[in-house]
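Worksheet: one structure, shown below.
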Amino acid sequence: LGFDVPTKRLTERIAAFTIDESTQMLVAVDTETGAVLGVLGIHVIPMLHWARDIARVTVIAVREGSQRQGIGRALMEKAEGLAWSRNCERLEVITGDRRTTAHAFYAALEYKVVAKRFVKYSPSRNAI
């Protein structure tokens, strides 16, 4: 994704995905080498104003050199299966405005742009 994250912090953040079943990390692994080819983080979120929960993909990344081989699509299909098995209203994906290649990928999977997100960062954001 182009983020410079120290290995220790990345390990800690991945561990956070195992806290409960509403948050999961999907991992695509090369069956021959054991190398990680891609990851996807999915969260099920209760919604007060809807009858059902929603699911949100907050990270999806495929190793450089392994892209355009169906790994991202397979991860998204697995995420959809998890969302629908949990009776979620919808599955949404968060992506940055500049990630135009990702936007084309999601559009090819029949995802639609339906909202705008407003963000306010914590004053201690850079201290983490």
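The values are calculated or read from the model by the stated rules, or taken from the named source; none is laboratory data. Computed from a prediction, not measured in an experiment: that's the story for all the values here. Ideal geometry is used to build each Cβ from the backbone, glycine not excepted, and the neighbour counts take in all protein chains shown. Heavy atoms of the whole protein, side chains included, go into the accessibility calculation; ligands, DNA and RNA do not. Shrake-Rupley method; radii C 1.70, N 1.55, O 1.52, S 1.80 Å.
Taking R0 as 25 Å, what's the FRET efficiency between ARG117 and VAL27 from their Cβ-Cβ distance, rounded to 0.05?
0.40
Once you wrap a convex hull around the alpha carbon atoms of the chain, what is its projected area averaged over all directions, in nm²?
Over every viewing direction, the Cα hull of the chain projects on average to 9.6 nm².
Across 10 Å bins from the origin, how do the percents of Cα pairs in the stretch 14-63 run, short distances first?
Histogram of Cα-Cα distances, whole percents per bin: 24, 42, 25, 8, 2.
Answer with one residue from VAL29, ALA61, THR95: the one whose Cα lies farthest towards the positive end of the charge dipole of the chain, charges on Cβ with Lys, Arg +1 and Asp, Glu -1.
THR95
On the protein heavy atoms, probe 1.4 angstrom, tell me the percent of accessible surface of the chain carried by carbon and sulfur.
C and S fraction of accessible area: 53 percent.
At most 12 other Cβ atoms within 10 Å plus a DSSP loop assignment makes a site exposed; report the longest stretch of the chain without any exposed GluC sites (Glu not before Pro).
In the chain, the maximal stretch lacking such sites is 65-109.
Quick one: putting +1 on the C-beta of Lys and Arg, -1 on the C-beta of Asp and Glu, what dipole do you get for the chain around its Cα centre, in Debye to the nearest 20?
Here the size comes out at about 520 debye.
Counting only chymotrypsin sites (Phe, Trp or Tyr not before Pro) that are in a DSSP loop and have at most 10 other C-beta atoms within 10 Å, tell me the longest site-free stretch of the chain.
With chymotrypsin sites (Phe, Trp or Tyr not before Pro) excluded where exposed in loops, the chain gives 4-117 as its longest stretch.
How far apart, in nm, are two points set 7 Å out from the Cα along the Cα-to-Cβ line at SER124 and at ALA35?
4.0
In Å and whole numbers, how far do the C-alpha atoms of the stretch 56-105 stretch along each principal axis, longest first?
For the stretch 56-105, the Cα spread along each principal axis is 34, 24, 15 Å.
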